Amino acid sequence: MNTGDDIMNMGDALERETELQNLEAGKPETPAQLIIDFTDCYIDAVKDMPLPEGNPVIIDVLEHIKEFPHELYEFLLDNPTEFIRQMEDECSARLGRICTIHLKNICTKTNRKNFLKIKQCYNPKTKGRFIHTEGIIKSMSYNDMRAVSATWRCKICEEEVTNKQDSFTLKKPFPDNQGHNNYHNKPVKKIENPVTILEIEELPENDDENNSSISVFFDGNSHYLLETNHISLGSRIKLTAFVGDTPSWIIKPEEAMKSVQKAVLLANYAELLEEEVINTTITSDDELRIRALSQDPNVFQLLTQSVAPNLEGLTDVKEAVLYSLFGGVRRIGKVNTRGLINILLVSDAGIGKTTLFDYIKKIAPKCKKVQGGNTSGKGLSAGAVRSEITGKFTIEAGALVMANKGILLIDEMDKMQIEDLASLHESMESCSVTKTIVGQNRTFNAETTIISACNPKSGRFSSDPVTKQINLPTALLSRYDAIFAMKDIPNADKDRAIITKIYKNYAQPENIAPPVPPELLRKYIILAKRIAPTFTHNEEVQEALVGFYVEMRGKSVSQEGDLTIPITTRQAESILRFAEASARIRLSQSVEKQDIERAIKIILGFLKEFVYDPATGRYDVDRIVSDTTSSTRNLIKTIVDIMSNKELLSYEAILAQVKERIPGVNEKDFEEIIGKMNKTGDILESRNGYYQMI
Ligand SMILES: [Zn+2]
C-alpha cells in the first residue's frame, strides 16, 4: 500500500517540481502538460468504470476544466482532435488498454460560443470547431456497415491481398505480387464498422421557421452511444460534435465528382435531453406571478381570455383548447390512462381557425403544425426514405413522432390519406404508432395531443345535422374528447361584436393585450404540467361524476321504449381528463368537485351540439357515429363484431357470417352499409372485394 502511495507521491512531487520550474522560468505550461494533469482528475473514476467494448471513456469537461489555466480550454475548443488524441494516449498508457475519449459538457448554455443552434452549424466560421447542439432525430439510417478493410483472392495464383477501404463501394487492390490484376468478384474477408447517420432537426420550442436540420455521423467509436444512451427516432438529444465536411467514405463517386460538400456533424458524444422543454427559464419572479394567478378566483376566465385575444367570441373553443394545452395525466401501471385531450374543430372558412392555430403555437410549450393535404409518403407516423447522402434507405419520423409529448396541430384533416388517419387513430388510442418498414414492424412513441381542424363536407355548413357533415371515419371521431362546430351564421349581436373587435384590432392594437401575456401563459403551462393531480377517495368528488353519468344514461330510454346510448364510458373518461387539466390550472395536487363540474360543463357544451336531439329532447351518442335506425345499427354492430379481429375478409365471407347471425338480413342494406363503412374508413377495402378493419 505504502509503496504504491509513495510512487504516486513521488510522481506528484516530480510534476510539481516541473510546474514550479516552469513558473520560475515564467513559462506557461504547454497544453500537452496540462492535458496530462487534466486526465489525472478523471483517471481514478475511469479505472473503476466497467468499460464496454471499445473502451469508451466519458469525460465531463466542466467538472474540472475551471481548475486549469484558460489556455487549456481554448486549446480544447480550437484543437479538439489533438486534445482528444492526447487524452486517449494518456488514458491508454495508464490503464494498459486502448481507450476512446468522449467529451460531455464542453460548455454551458450561457457560454454560447460553442453552443450552437442547428442553422449556425452551416456558418463557414464554425467549420472545424468542436460544439454542442441540440435537436430532435428526424431520420436514422439502420444496419449500415462501413468496410474498413477487405481481403481479395487472385483468380490466377490464389494469392490473398488486403487493402484499406474508404467508401461504401468496395475497391479492389492494385495488381498482386505476381503482377496479376484478376481478383474474384467478392472479397474473401471484410472488416466492417457499424455506422449510423442521423438527421436532426431544430427543437420545436426553439421556434425556427425553417425547421433547419443537419446530418450527424456516428462512426466506429461513437456508434455504441446510440444504444447505451437509448437514442432512437424522435429522441431529443444533446450532441458534442465536430463541424466538418461529409466524410469522403460516404460520398458516392458521382457525388464526389459534383463535389457535393455540405457541413455535417461528426458525433463525439450524444445523450438524451432530460428536460421536457428547454430554453425556457422559469424565474422565481415568474413562479410568484403564476402562483398568484392560480389563486385568483377568476383564473379560468383570465386564461381563456388569454387564448387568441384578437379573436372575438369562440369562448367554448378557447376554453377547451386551454384545457388541452394543460392536459390530463398519463398513467402507466395497473390502470393506463392517456392524459391527452384531443380536440376537433369543424369550421366554416374565415371564422378565425388560422388565427387560433397561430396563437396556440405561441403558447404551447412544444408544438408542430401540419397541413392535411401535404403529408408525404412516410405520412404522419414514419417511413423509409432514400438518403440524399448515401443513397441508402433511412427511416424518417413523421409529425406524430416528432411532436411526441407536445401538440400536433393538423389543418385540413379531411384531406388526409387513409393511411395517415389509421396512424392517427392508433396514436390517439395507445400513444404510439406502429409501421412496417422494409419488412419489419417498428413502434415509435407518439404521446401527442391532437388539435385538428377540417371543413364541413360541402365546404360550408348546411342545415343538415352537424354530424352528417363531417367527412372523417366515425371510429376516429369517437377518439376526440371534444368536437366543435364553428359555424358562420349571420347573427346581429355576434356580428356586431366580431366587427367591433376587428375594428379595435386596427384602431387600438395596444388594447388587445391578453390578461396573461403569451410568454407567461407558456411558462404557466410548463409549471402546471409538472403536477400530476390525483383523485382522492372523496365521496363528494366521486358523486359529482357518477351522479352526472347515471342521470345522462337515464335519458336514454324514450317513450317508445327505443334504447339509445346517451353517453358512454368514453365521455366519462374525457370528463376525468378535463378535470385533471382543471386541477392543473389551479396548480392543485388533487382533483376536486369544482374540477369535475367544470369538465362536465365543457363536455355538455359539446354534447349539446352533437348528440342532443332537440326534437326528442334526448342525448344520443350514436348521432356522432351515425343517424341510423336501430335495425341498421344492429347490422353495423354485427359487421363490426365479425371484423373486429382485423382479419382480411371477402365481401361474401362477411355476408355469410352476417346471415348466420341475422337470418333474413336485407342484402341491399348490407351492401349499402359495407359501402358506407368503407367510405367512412371504419373498414378498408385492401384489394378488390376484400375488407379489413383498421
Ligand atoms: Zn495472382
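The values are calculated or read from the model by the stated rules, or taken from the named source; none is laboratory data. Just so you know, these numbers come straight off a predicted model, no measurement behind them. Positions of Cβ are backbone-derived with ideal geometry, glycine not excepted, and every protein chain shown enters the neighbour counts.
Points worth noting:
- Tally of residues being under 22 Å from N688 (Cβ atoms) and assigned to a helix (DSSP H, G or I) across segment 641-658: 10
- Residue match in segment 162-169 (condition: within 16 Å of the ligand (Cβ to nearest atom) and in the same structural domain as A263 (by TED's automatic domain parsing)): yes
- The set of residues in segment 517-554 being of a type in the set (K, R), within 30 Å of T569 (Cα to Cα) and part of a helix (DSSP H, G or I) consists of R553 alone.
- Contact annotation: residue pairs with Cβ atoms under 6 Å, 6 or more positions apart or on different chains, pairing a residue in segment 175-198 that is in contact (Cβ under 8 Å) with a residue 12 or more places away in the chain and assigned by TED's automatic domain parsing to the domain that holds S222 with a partner that is in a loop (DSSP other than H, G, I, E, B) and near the ligand (Cβ under 8 Å from one of its atoms), are D176/E159; Q178/C157; H180/I156; N182/K155; N182/I156; H184/K155.
- When residues of segment 185-203 are limited to those that are in a loop (DSSP other than H, G, I, E, B) and closer than 26 Å to T240 by Cβ, the one farthest from the ligand (Cβ to nearest atom): L203
- Options D669, D620; residue that is at pLDDT 80 or above and over 23 Å from A422 (Cα atoms): D669
- Across segment 133-184, the number of residues qualifying as within 45 Å of the chain's Cα centre (by Cα), in a loop (DSSP other than H, G, I, E, B) and modelled with pLDDT of 90 or more comes to 0.
- Filter result for E71 (exposed (fewer than 15 other Cβ atoms within 10 Å of the Cβ), at pLDDT 85 or above and closer than 26 Å to D219 by Cβ): no
- Filter pass, N445 being touching an Asp or Glu at 6+ places or on another chain (Cβ under 8 Å) and of a type in the set (S, T, N, Q): no
- Of all the listed residues (E134, E90), the sole one being within 28 Å of G406 (Cβ to Cβ), in contact (Cβ under 8 Å) with a residue 24 or more places away in the chain and either touching an Asp or Glu at 6+ places or on another chain (Cβ under 6 Å) or away from the ligand (no atom under 16 Å from the Cβ) (or both) is E134.
- Qualifying residue in segment 497-504 (condition: over 31 Å from the mean Cα position of the chain (by Cα), without any contact (Cβ under 8 Å) to a residue 60 or more places away in the chain and surrounded by 13 or more Cβ atoms within 10 Å (Cβ to Cβ)): yes
- Total residues in segment 543-581, condition surrounded by 20 or more Cβ atoms within 10 Å (Cβ to Cβ) and either modelled with pLDDT under 75 or in contact with a Phe, Trp or Tyr (Cβ under 7 Å, 6 or more places away or on another chain) (or both): 5
- Set V433, V516: member being more than 19 Å from the chain's Cα centre (by Cα) and surrounded by 21 or more Cβ atoms within 10 Å (Cβ to Cβ): V516
- Criterion violated by A147 - all others in (1) more than 30 Å from K238 (Cβ to Cβ); (2) more than 16 Å from the ligand (Cβ to nearest atom); (3) free of Cβ contacts under 8 Å to residues at least 24 places away in the same chain satisfied: (3)
- Within the set L400, L421, the sole residue that is in the same structural domain as A349 (by TED's automatic domain parsing), closer than 17 Å to G373 by Cα, outside any loop (DSSP other than H, G, I, E, B) and at pLDDT below 90 turns out to be L421.
- Within segment 74-104, being surrounded by fewer than 19 Cβ atoms within 10 Å (Cβ to Cβ) and either in a helix (DSSP H, G or I) or touching a His at 6+ places or on another chain (Cβ under 8 Å) (or both) holds for E74, L77, D78, T81, E82, R85, E88, D89, S92, A93, R94, L95.
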